[in-house]
Amino acid sequence: MKARFGALTLLGLTLTLSACGGPTDPTGPVVPPNPDVFNLNTLKPGQHREIEAKIKVNVVMVGYDATRPGQVAGPRDVNVSDFDGLLPATGRNIARIPSAYGTLEPTGNSYQYDYNFVYANQSFEDGFFSYLTNNGSEKALTYYQKAYNCQDVPADGSTPNCETPATNIARPVTGNLEVDGAVAENWLADNAARIGVDSSQYTVFLVNWYGRSDFKFHSYTRAEAKDSDTNTAFGARASRRTNAWGGTPREGKNQRVWFYDLSANPEAWTNNWDVTSADVDGDGVPDYRMPPIWEYGTRKATYRFFTKVGPDLALVTRYVALNLLFTPSPIYRASLTPPNMPENINLNVAFEQGAGAKPVDQVFKAQLSQSRLQPLQPFATLTNSVRTTPLTGDLFDAYKCLFPETINDICSPDRADYTGDRLFNLGLNEVREQYKTLTAYQVPIYAFNDDQNTQPGLLGVAIDDGVTGTQALVYSFLTPDLNEVAGYGFTDTITHETGHHFSLSHPHDGYDAETNTDYGPSADFAFVNAGDMSNTVMSYNDLTRGFGQFNLDSQYRYLTAAYLNNTNAVLELVQEAGKVQAVNAAAGNADTLFASALGNYQNMNYLEAASQAHKGYRAVIEAARSAGVNVEAYKWYERLDGLSTAAKPQPRRVNNFLPVKGTAIRPETNDYLTKLRLSK
C-alpha cells in the first residue's frame, strides 16, 4: 500500500497526532525554523490526524424507575448499573469497505463517550403519555399485531385469525393507538429541558408506558410516507408500524433525539411480534430480539427474565443508537478522490431501458434526487445528466447474469456472474471514455429499467473498485413487479445508493470499534433493524425520502477529517517540491481556519466545522497549484490495469449479516430483508 500510493498515504496508513507540536526546552539553544518545512500548529504535513471528540450522550428513562434503596429489583426496574460494561467508553470510525481489504482504515474521527443518565419525573411522564393519547388515532389492529396474538402468519398470506390467543404470549394486544413518530420525537425534544436534558446533544429516550393506569396499546407511524415516483403509500403498510423514531431535522433547531419504546405494540421490522421462533431470518442461527415489555418476566409466560430489561436497553443504546445512528462508521471514504477532493460532481445517470418498460420521466426525477443529495456535498456544485440506451445485447446478458437463478437460459452455471465482473467491466470502459472529455467528478449511475421480472427484489447497490475498496459504480434496478406491485420507482433508490457512494452506511448494519465487530440484523444483533426506525433514506422501510440529522452530522464530521488529512497530504507534496515559501502564507491562514474548525467540531457545530475545514483546504490546494505543485486526484478507474487476477487483493466478502471480527463486504440485501421490505 505504501509503495502504491507513495507519500500521500491516504488509503491506509493511520497515525494519531496531537493538536500541537512536541515539547520544547526553554533552556536550550534557539533553533531557527527550517525554511524547507512548514511550522504549523493544527496542520501536520504528511501525517494522518485523528479528531477526538468528547460526546455527551443523554440516556433518559421515561416510565422506568430505579430500584429504591434496600428494595429488591422488580419487573421493569431499570438501573444505571444495568448498563455497566455494556456501553462503550470510546468509538472510532473506519471506512468499512476499504477496511475489508485487509487493514482497518480510520476516517480520522474518534470519540470519548460521556453518559448522562436521567430519570424523567412524574410531570414529564404524565405530559408525554397524555400527549400521545390526545394526538393519536385509534385504529384497527394491524396484520402483525394480529400475528402476535396468534403467533402465526398463515402460509397463504391471509390475515391471522385465531379464536383464542396463543398460549405462550403474556397478554394479547387489544388496541392500536397510532401516533406519528416524528410528532412524539418532537415533543420529547421540545420538553427535554424540563428534566435538565439538552436535546441538541445526542439523546436516547427509553420509553415505557406499560404499567400505568392510562396505558394504551399503541404504535408509531409515518403515515404520509410515499414513494417519490409512484406515490405508493409505504407509511400505510402494517409492516411499517414502528416502536422507535428519531433523527428528524427541524428548521432552526439542532435536535439529536431518538426514542425506543418497548411498550409499543409488536411490530414487523425487528420481528418482535414473534416470540415463538428462534431463527426468524432462516440462516440457522437464533436471532436475539427485544420483545414487548410485557413479555419480560411474567407469571403466565416468560419470553425473557425481567432482569434483562435494563441490559437489553443497554444493547439497543450501544449497537443501534451509538454505532448506527449517532456516531456510525461510513461504508466508503468521504474524500472521493484524495488528496484532490472534487468541487464539481455530476450525477451521471445512464438509463438502460427495456423496450416495454415505463418511460424514464414516469419513474425518475433527476432534479429531485440531486436536491436531496446536495446536503451530503454542501461545498460542491452538483449537476445531473440523464441518457437512455436500450437494454439489449451484451449489456442485457451481463445484467441478467447477476441473477442466474432466474435466467437459466442465459446464464448456465459456467456463465453465472454473481460478482458482477462482466457488468463492472462494461461500466469501467464507459467511465474511462467519459473522463477523456469530462472534468467534473462523475458518479456513474446505471439504472436498469427492465420490462421483464428478471429478479425478485434487488433495488440497487453501490459497488467498489474490487482492488482498494474505493467507491466505483452505482446500480439501480426496476422490474414490472417492483414498480407496479411493490410500488417503487428509481428516484428514492438512486438517492439511497448515491448516499452510499458519498460514504453513508445503512442504519441497520455497522461497526463496533471497541470489539472490532462488523454486524447486521442477524443472530445476536437481530434487534439492530430498529436503526431503520429513524429519519433517513438509507433505511429499508421507505419512510423517509432524504437525509436526517444523524446522516448530516456524520457526513460533516467525515468531511472535516477528510479536508484536514488531505490538506496534510498536499502540504507534504509542497515540501517535497521545495515550494514551502510560496505556500507558507496560505498554509498559515489554513492552520488558523482548521483550529477554528476543530473548535466548532467539539461544540457539535459540524456543518460550520466542515465549512471552515473546506476553506482551509481550498486555500492550500490553490496555493500549491499556483506554485506549480502537482496535486493529483486518485482515479480508481485508471488503477485497475496491470494486476493479474491472482495478484488482486481479495477482500473479505460474506453473503449474510452475521457478525464478524474486523469488517466484511456484505450484500446490499438478502432474502430475509427483501421479503421484509416487500411486505405489506
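Once all protein chains are placed together, Asp671 keeps about 140 Å² accessible to a 1.4 angstrom probe. Residues whose amide H falls under 5 Å from that of Ala447, counting only those 5 or more places apart or on a different chain, are Ala350, Phe351, Glu352, Ser476, with hydrogens built in the peptide plane. Converting phi to 3J(HN,Hα) with the Karplus coefficients 6.51, -1.76 and 1.60 and the offset θ = phi - 60°, region 254-270 yields 7, 10, 10, 10, 9, 10, 9, 10, 6, 8, 6, 4, x, 9, 8, 5, 9 Hz in sequence order, with x at every glycine or proline. For region 36-80, taking the reciprocal of the average inverse distance between every pair of different Cα atoms yields a Kirkwood hydrodynamic radius of 15.8 Å.
The P(r) of region 563-648 has a tail past 17 Å containing 54 percent of all C-alpha pairs.
Using a probe of 1.4 Å on the protein chains alone, the accessible area found for Arg677 is around 40 Å².
For the chain, what is the calculated [θ] at 222 nm in deg cm²/dmol (nearest 500), taking -39500 (n - 2.57) for each run of four or more DSSP H residues and dividing by its residue count? After summing the helix terms and dividing by residue count, I get -8000 deg cm²/dmol. According to the square roots a ≥ b ≥ c of the eigenvalues of the Cα gyration tensor, what is the shape class of region 428-570, taking rounded for a/c under 1.5, prolate for a/b larger than b/c otherwise, and oblate for the remainder? Judged from the Cα gyration tensor, region 428-570 comes out oblate (a/c at least 1.5, b/c at or above a/b). Counting only protein chain heavy atoms and rolling a 1.4 Å probe, the accessible areas of Glu576, Glu267 rank, largest first, as Glu576, Glu267. In this model, which of Lys139/Lys226; Lys226/Lys615; Lys146/Lys358 are farther than 29 Å apart at the alpha-carbon? In this structure, Lys226/Lys615; Lys146/Lys358 lie more than 29 Å apart at Cα. According to the square roots a ≥ b ≥ c of the eigenvalues of the Cα gyration tensor, what is the shape class of region 99-198, taking rounded for a/c under 1.5, prolate for a/b larger than b/c otherwise, and oblate for the remainder? The shape class here is oblate.
Ranking Val80, Val118, Val207 from most to least accessible surface, computed with a 1.4 Å probe over the protein chains only, gives Val80, Val118, Val207. Surface listing: Cys150, Cys162 arranged by accessible area from highest to lowest gives Cys162, Cys150, probe 1.4 Å.
Compared with the alpha-carbon gap, the fully stretched path from Ser626 to Thr174 is longer by 155.5 nm at 0.36 nm per residue. Solvent-accessible surface (1.4 Å probe) assigned to Lys661 amounts to roughly 130 Å². Of the Cα atoms belonging to region 285-414, the radius of gyration and Dmax stand at 24.2, 65 Å.
When DSSP beta bridges are restricted to pairs lying wholly in region 427-573, around 60% turn out antiparallel.
For Glu105, the amide hydrogen comes within under 5 Å of the amide hydrogens of Ala95, Ser99, counting only partners 5 or more places away or on other chains and with H modelled in the peptide plane.
Near Ile51, the amide H atoms lying under 5 Å from its own belong to Asn109, Ser110; only residues 5 or more places off or on other chains count, and H is placed 1.01 Å from N. Taking every DSSP bridge with both residues inside the chain, close to 30 percent are antiparallel. Around the Cα centre of the chain, unit charges on the Cβ atoms of Lys, Arg, Asp and Glu (plus for the first two, minus for the last two) sum to a dipole of about 980 debye.
Remark: the Cα gyration tensor places region 164-277 in the oblate category, a/c being 1.5 or greater and a/b not exceeding b/c. When peptides 242-251, 621-630, 468-477 are sorted by average Cβ neighbour count within 10 Å, with the highest value leading, the order is 468-477, 242-251, 621-630.
The orientation-averaged projection of the convex hull spanning the C-alpha atoms of the chain amounts to 33.3 square nanometres.
For the chain, the relative contact order works out to 18 percent when only alpha carbon pairs closer than 8 Å and six or more residues apart are counted.
The values are calculated or read from the model by the stated rules, or taken from the named source; none is laboratory data. Treat the numbers as computed from the prediction; the structure is a model and nothing was measured. Neighbour counts run over all protein chains shown; Cβ positions are idealised from the backbone, glycine included. Surface accessibility is based on the protein's heavy atoms, side chains included, excluding ligands, DNA and RNA. Shrake-Rupley method; radii C 1.70, N 1.55, O 1.52, S 1.80 Å.
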